[in-house]
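The values are calculated or read from the model by the stated rules, or taken from the named source; none is laboratory data. This structure is a prediction, so every number in the text was calculated from the model and none was measured. As a convention, Cβ positions derive from the backbone with ideal geometry for all residues, glycine included, and neighbour counts pool all protein chains shown. For accessibility, only protein heavy atoms count, side chains too; no ligands or nucleic acids. Shrake-Rupley method; radii C 1.70, N 1.55, O 1.52, S 1.80 Å.
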Amino acid sequence: MLRGGNELLGQAKKRLEIGHKEVTTDGIFSLEEVECIGACTGAPAMQVNYDFYENLTPMKFDRVIEELDAGDHPAPEPVTAGALHPRDPAETPVISRRFGIRNSHKIDVYLQHDGYKALEKALREMTPETIIDEVKKSSCAGRGGAGFPTGMKWSFVPKDSPKPKYVICNADESEPGRAKTVP
């Protein structure tokens with residue numbers, strides 16, 4: 001919605017002559033407005049079978065529909081990754097410091113840029129207590145609205161339990177253009 005999704009939906013309804021959860025009379029196209037297709041950084045986007053078409057405009061939408069209607073398979077645009085804007089000089093990249101590095105989503109590129117170094121240190125050199133202390137020192141806080149300190153939250157986990165402990169992270173920030181917070 002923030003990047004023209006409503007305009008695109010209006011164009012789709014007009015072009016296909018159908019509404020939400022309807023199918024064209026020839027049975028080729030259906031239309032469904034959804035909250036998320038996992039393409040936030042490339043919104044507005046649409047999915048046709050298993051292909052994604054991102055950064056759509058009404059004109060791009062029409063081109064894709066024309067090609068599909070003609071029996072062709074339009075090439076999906078390359079998936080958008082990372083920031084789409086130039087960095088502000090005052091910006092301090094933390095989680096986003098790898099934005100702009102070509103193919104930074106690939107494991108070999110991530111490793112070339114010191115990916116997993118902190119995890120390696122935690123596994124080889126640190127105890128659970130020193131990890132929690134480090135997280136407390138970082139002032140890392142939850143993103144759920146209350147901003148509860150992560151290190152504090154982790155310190156509440158019973159230490160004398162022999163059961164494994166798990167960290168669960170909801171990395172869906174549910175709005176187009178937001179950066180995911182999973183390194």
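Summary of values
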read-out	value
Protection proxy ranking of 58-64, 133-139 - average other beta-carbon atoms within 10 Å, highest first	58-64, 133-139
Separation in nanometres of the label points that stand 7 Å from Cα toward Cβ, at V34 and Y166	2.5
Accessible surface, the range 103-167, averaged per residue in Å² (probe 1.4 Å)	84
Burial ranking of peptide ranges 10-16, 33-39 (average Cβ count within 10 Å, highest at the top)	10-16, 33-39
Theoretical gain in end-to-end length, D62 to W154 [0.36 nm per residue, Cα-Cα removed]	28.1 nm
FRET efficiency, 1/(1 + (r/R0)^6) with R0 22 Å, evaluated for E91 and H113 via beta carbons	0.75
Estimated inter-spin distance, S138 and V48, nm [label 7 Å along Cα→Cβ]	4.2
Most to least packed among 103-116, 43-56 [average Cβ atoms within 10 Å]	43-56, 103-116
Hits among lysines - C-alpha to C-alpha of K121 under 24 Å, sequence gap 8 or more where chains match	K106, K136, K137, K153, K159, K163, K165, K180
